[in-house]
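Reviewing the structure listed below.
The values are calculated or read from the model by the stated rules, or taken from the named source; none is laboratory data. Just so it is clear, the structure is predicted and the values come from calculations on it, not from any experiment. Ideal geometry is used to build each Cβ from the backbone, glycine not excepted, and the neighbour counts take in all protein chains shown. What goes into the accessible areas is simple: the full protein's heavy atoms, side chains included, and nothing from ligands, DNA or RNA. Shrake-Rupley method; radii C 1.70, N 1.55, O 1.52, S 1.80 Å.
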Amino acid sequence: MIGFLGGTGPEGRGLALRFALAGEEVIIGSREATRAQEAARSVSTLAPGLRVKGATNREAAAASIVIVTVPYAGHRETLASLAHELSGKVVIDVVAPLAFSKGRARAIPVESGSVAQEAQALLPNSRIVSAFHNVSAEDLLEPAKVIDCDVVVCSDDKEAKAQVMALAETIKGVRAVDGDGLENSRYLEDLTALLLNINRIYKGHSMIKIVGI
């Protein structure tokens, strides 16, 4: 079972849809259960028959794998409040620290070095993995669309990283790439701002592919 913390936004719903299509049971979490239930219904509408439900973040944190898709402003508070529930679990952090001005995105500096490293400091007993920052939420929400991109996965826990790389490749078209340790997550997080600005210029859904490997 995969749980999403703050999964009602486009990225959370998109990843929830794709993992449900791959046969996983999914819980979309939110601070408000009703909002999460609405998001779950919207995902089920896109592909009826999937195992998707909405619940509170605390209930979603009970899943065996937990994906963090909250806005960065709520990142620290959310994880700190659920440290007990997340102890010992693989926690995939998808959060990019972004701010917007006049339609342009910029990366916000993170004291810990990256959001993923902040998560590891907040959850010392969890197995933190950084991934999925640079996948188009809009494309994820189109069930028939092949996601032709690479997903770079970073973690200091080799077994957890391998597990998440395998999970990423259950999304049709995705190739997982080993991005080494959590310290490299800052580059993925900052790259998100660049891709969003490229999308604004070209009115597209840019993602990344790494060649030569």
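Mind checking which residues of the stretch 121-142 are open to solvent by 50 Å² or more (accessible area, probe 1.4 Å) and either under 27 Å from residue 44 (Cα atoms) or of a type in the set (Ser, Thr, Tyr) (or both)?
Our first condition is that a residue be open to solvent by 50 Å² or more (accessible area, probe 1.4 Å); within the stretch 121-142, this holds for 121, 124-125, 127, 138, 142.
Once the filter is applied, which keeps residues that are open to solvent by 50 Å² or more (accessible area, probe 1.4 Å) and either under 27 Å from residue 44 (Cα atoms) or of a type in the set (Ser, Thr, Tyr) (or both), the stretch 121-142 yields 138, 142.
Being touching a strand residue (DSSP E or B) at 6+ places or on another chain (Cβ under 8 Å) and either open to solvent by 20 Å² or more (accessible area, probe 1.4 Å) or touching a residue at least 40 places away in the same chain (Cβ under 8 Å) (or both) is the requirement here; does residue 45 meet it? Step through it out loud before you land on a result.
Numbers: touching a strand residue (DSSP E or B) at 6+ places or on another chain (Cβ under 8 Å): no; either open to solvent by 20 Å² or more (accessible area, probe 1.4 Å) or touching a residue at least 40 places away in the same chain (Cβ under 8 Å) (or both): yes.
So residue 45 does not fit the description; no.
Working only within the stretch 181-213, note down all residues that are open to solvent by 30 Å² or more (accessible area, probe 1.4 Å) and touching a Pro at 6+ places or on another chain (Cβ under 9 Å).
If the condition is that a residue be open to solvent by 30 Å² or more (accessible area, probe 1.4 Å) and touching a Pro at 6+ places or on another chain (Cβ under 9 Å), then 190 is the only one that fits.
Suppose we filter 135, 146, 90 for residues that are over 16 Å from residue 12 (Cβ atoms) and touching a Gly at 6+ places or on another chain (Cβ under 8 Å); which single one remains? Outline the logic, then answer.
Values: 135 fails: over 16 Å from residue 12 (Cβ atoms); 90 fails: touching a Gly at 6+ places or on another chain (Cβ under 8 Å).
Only one candidate qualifies: 146.
What residue, among those in the stretch 143-152 that are touching a helix residue (DSSP H, G or I) at 6+ places or on another chain (Cβ under 7 Å) and assigned to a strand (DSSP E or B), is least open to solvent (accessible area, probe 1.4 Å)?
Our first condition is that a residue be touching a helix residue (DSSP H, G or I) at 6+ places or on another chain (Cβ under 7 Å); within the stretch 143-152, this holds for 143, 145, 147, 151-152.
Next cut, assigned to a strand (DSSP E or B) only: 151-152.
Numbers: 151: 4, 152: 22 Å².
Result: 151.
Specify which of the listed residues (145, 102) is farther than 27 Å from residue 170 by Cα and basic (Lys, Arg).
Values: 145 fails: farther than 27 Å from residue 170 by Cα.
Sole residue among the options that is farther than 27 Å from residue 170 by Cα and basic (Lys, Arg): 102.
Taking the stretch 153-176, which residues are open to solvent by 20 Å² or more (accessible area, probe 1.4 Å) and either part of a loop (DSSP other than H, G, I, E, B) or free of Cβ contacts under 8 Å to residues at least 60 places away in the same chain (or both)? Give the derivation first.
Pass one, the stretch 153-176, residues open to solvent by 20 Å² or more (accessible area, probe 1.4 Å): 156-159, 162-163, 165-166, 169-170, 172-173, 175.
Passing the criteria: 156, 157, 158, 159, 162, 165, 166, 169, 170, 172, 173, 175.
Among all residue pairs at least 6 apart or on different chains, which show Cβ distances below 8 Å where the first residue, located in the stretch 197-213, is over 12 Å from residue 149 (Cβ atoms) and the second is of a type in the set (D, E, K, R)?
Here the result reads 197/104; 200/104, each pair linking the stretch 197-213 to a residue that is of a type in the set (D, E, K, R).
When you go through 126, 81 one by one, which is the residue that is at pLDDT 95 or above and more than 19 Å from residue 30 (Cβ to Cβ)? Break it down into steps so the answer makes sense when it comes.
On the way: 81 fails: more than 19 Å from residue 30 (Cβ to Cβ).
Just a single option satisfies the conditions, and that option is 126.
Among the candidates 44, 30, single out the residue that is over 19 Å from residue 133 (Cα atoms), polar (S, T, N, Q) and under 15 Å from the mean Cα position of the chain (by Cα). Before you say what the answer is, go through the steps one by one.
Details: 44 fails: under 15 Å from the mean Cα position of the chain (by Cα).
After applying the criteria, what remains is 30.
Being buried (at least 16 other Cβ atoms within 10 Å of the Cβ) and assigned to a loop (DSSP other than H, G, I, E, B) is the filter here; which residues of the stretch 81-92 pass it?
The answer is 82, 89.
Scan the stretch 20-36 and report the pairs whose first residue is more than 8 Å from residue 54 (Cβ to Cβ) and modelled with pLDDT of 95 or more and whose second residue is hydrophobic (A, V, I, L, M, F, W, C) and surrounded by fewer than 19 Cβ atoms within 10 Å (Cβ to Cβ), with Cβ atoms within less than 8 Å and a gap of 6+ or a chain change.
From the stretch 20-36, the pairs are 20/47; 21/47; 24/1; 25/1; 26/1.
If you scan the stretch 93-142, which residues turn out to be in contact (Cβ under 8 Å) with a residue 24 or more places away in the chain, part of a loop (DSSP other than H, G, I, E, B) and among the small types (Gly, Ala, Ser)?
96, 103, 113, 114, 126, 131, 136
Condition first: of a type outside the set (D, E, K, R) and closer than 19 Å to residue 181 by Cβ. Now tell me which residues in the stretch 74-104 satisfy that.
Keep residues of the stretch 74-104 that are of a type outside the set (D, E, K, R), which gives 74-75, 78-84, 86-88, 90-92, 94-101, 103.
Once the filter is applied, which keeps residues that are of a type outside the set (D, E, K, R) and closer than 19 Å to residue 181 by Cβ, the stretch 74-104 yields 90, 91, 92, 94, 95, 96, 97.
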